[in-house]
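Enquirer: Have a look at the structure that comes next, please.
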Amino acid sequence: MRLFAALIPPERALEDLDEFLEVRREAGQFRWTQADQVHVTLAFLADVPDRSLDELVERLGRAAGRRTPVETAIAGGGAFPDAARARVLWTGLDLDESGRTELSRLATGARAAATKSGIDVDGQRFRPHLTVARLGHPQEVTRWVRLLDAYRGPAWTADNLSLVQSHLGEGPRNRPRYEVIGEFPLGRRQAG
């Protein structure tokens, strides 16, 4: 299975971001992320054996239970690897120091849960962001980064870690289809 642990913003936050981007999408010939697929990846697990799923679920529940909910909003933006040769456009999260620490610890806990379950974790150091577009080839996107920097959506509470399965090629236009297969509340210790 191809899975990832994520924070999924509430529908109202995603709708606000989608409305902000909707009128601008035609100006950028990018592969825009569908609103229902926007999330903050905490841990990416490209190849999860079926036999490891139960242990992963148990460990993710415990990891989430150790963290506290975080007040945030989708805000700001940037590009990976940078604005001069971007492959990805993203928006970030408005977080105070405590919120940044909690999300970083949550990502570390999700990665540790996977590793202790015998699952390899892909990706680099955690940087909270939501991918809004992918570019077919590196481009200069400074004006897009400035546009995203001006955005701030409604406040919301990140209080739930989701385990999501990615079904490659099963979504619209041959994109992945995401299916939430587990949800774990933050701040409520799980049994075990």
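Enquirer: Would you say residue 156 is among the hydrophobic types (A, V, I, L, M, F, W, C) and closer than 21 Å to residue 25 by Cβ?
Expert: Numbers: among the hydrophobic types (A, V, I, L, M, F, W, C): yes; closer than 21 Å to residue 25 by Cβ: no.
No, not satisfied.
Enquirer: Working carefully through the options 99, 76, 136, 92, find the one that is in contact (Cβ under 8 Å) with a residue 12 or more places away in the chain, more than 20 Å from residue 165 (Cβ to Cβ), surrounded by fewer than 22 Cβ atoms within 10 Å (Cβ to Cβ) and touching a His at 6+ places or on another chain (Cβ under 8 Å). Don't jump to the end; show me each part of the working.
Expert: Numbers: 99 fails: touching a His at 6+ places or on another chain (Cβ under 8 Å); 76 fails: touching a His at 6+ places or on another chain (Cβ under 8 Å); 136 fails: touching a His at 6+ places or on another chain (Cβ under 8 Å).
Every option except 92 fails the conditions.
Enquirer: Next question. Just checking, which of 153, 123 is among the small types (Gly, Ala, Ser), touching a residue at least 40 places away in the same chain (Cβ under 8 Å) and out of contact with any Asp or Glu (no Cβ under 8 Å at 6 or more places or on another chain)? Full working, then the answer.
Expert: Values: 153 fails: out of contact with any Asp or Glu (no Cβ under 8 Å at 6 or more places or on another chain).
Testing whether each residue is among the small types (Gly, Ala, Ser), touching a residue at least 40 places away in the same chain (Cβ under 8 Å) and out of contact with any Asp or Glu (no Cβ under 8 Å at 6 or more places or on another chain) leaves just 123.
Enquirer: Let me ask something else about it. Return the total of residues in the stretch 109-133 being farther than 21 Å from residue 57 by Cβ, surrounded by fewer than 21 Cβ atoms within 10 Å (Cβ to Cβ) and β-branched (Val, Ile, Thr).
Expert: Of the residues in the stretch 109-133, 1 are farther than 21 Å from residue 57 by Cβ, surrounded by fewer than 21 Cβ atoms within 10 Å (Cβ to Cβ) and β-branched (Val, Ile, Thr).
Enquirer: Additional query: Would you mention how many residues in the stretch 3-34 are modelled with pLDDT under 95 and under 24 Å from residue 103 (Cα atoms)?
Expert: Residues that pass the stated criteria total 2.
Enquirer: If you don't mind, another one. Considering each of 135, 163 in turn, give the residue that is among the aliphatic types (A, V, I, L, M), within 25 Å of residue 28 (Cα to Cα), assigned to a strand (DSSP E or B) and under 19 Å from the mean Cα position of the chain (by Cα).
Expert: On the way: 163 fails: within 25 Å of residue 28 (Cα to Cα).
The match here is 135.
Enquirer: Please specify each residue of the stretch 65-93 satisfying the condition of being outside any strand (DSSP E or B) and touching an Asp or Glu at 6+ places or on another chain (Cβ under 9 Å). Before the answer, list the steps.
Expert: Filtering the stretch 65-93 for residues outside any strand (DSSP E or B) gives 65-69, 81-85.
67, 68, 69, 83, 84, 85, listed by residue number.
Enquirer: Please find, among 105, 85, 67, 111, the residue that is modelled with pLDDT of 95 or more, over 22 Å from residue 145 (Cβ atoms), among the charged types (D, E, K, R) and in contact with a strand residue (DSSP E or B) (Cβ under 6 Å, 6 or more places away or on another chain). Spell out how you get there, then give the answer.
Expert: On the way: 105 fails: in contact with a strand residue (DSSP E or B) (Cβ under 6 Å, 6 or more places away or on another chain); 85 fails: over 22 Å from residue 145 (Cβ atoms); 67 fails: in contact with a strand residue (DSSP E or B) (Cβ under 6 Å, 6 or more places away or on another chain).
Only one candidate passes the filter, namely 111.
Enquirer: I need a count of the residues in the stretch 79-89 that are touching a helix residue (DSSP H, G or I) at 6+ places or on another chain (Cβ under 8 Å) and under 20 Å from residue 4 (Cβ atoms).
Expert: Count: 1.
The values are calculated or read from the model by the stated rules, or taken from the named source; none is laboratory data. Only a predicted model underlies this, so the values are computations on that prediction, with no experimental measurement involved. Neighbour counts are summed over all protein chains in view; Cβ atoms, including those assigned to glycine, are modelled from backbone coordinates with ideal geometry.
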